[in-house]
Amino acid sequence: MLPWKVMHEPIPDGPSAGMYCPPEELGEMLDAYYALRGWDADGVPTRERLVGLGLDAVPGLPDSRQTAVGRHRGSRSAPGGGRASSG
C-alpha cells in the first residue's frame, strides 16, 4: 500500500506536478498486474499458474482458493496489504 500522501495529495511542483495515485486507481492497476502475472487477488500464484510453471506437484503449496481473505480488496475501503477475491 502506498502512503496516504501519495494517494491523496497532488505533487506540488516539478514534471509530475498535480499528479497523485487515488486508491481506486491503485486497486485497478494491481488487479491488472496480478492478472497478467497469473496471480489471484491476494497476489498468490493461481493453481493454473503453478501448473503452467510445473510446480503443481510441490508439496505444501497452497491452493489459490485457500488464500487469506481481505488484505487488499478490503483495503479499498480500509487500507491493508493483499486482496480477497480469486482471479
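Tabulated data
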| quantity | calculated |
| --- | --- |
| Enumeration of residues in region 20-60 that are more than 30 Å from TRP4 (Cα to Cα) and of a type in the set (Gly, Ala, Ser) | GLY52, GLY54, ALA57, GLY60 |
| Enumeration of residues in region 14-48 that are touching a residue at least 40 places away in the same chain (Cβ under 8 Å), over 24 Å from GLY60 (Cα atoms) and either acidic (Asp, Glu) or assigned to a loop (DSSP other than H, G, I, E, B) (or both) | GLU24, ASP31 |
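Since every read-out is calculated from the coordinates, none of them should be taken as a lab result. Everything numeric in this text was worked out from a predicted model, so none of it was measured. Cβ coordinates were reconstructed from backbone atoms using ideal geometry, including for glycine residues, and neighbour counts include every protein chain displayed.
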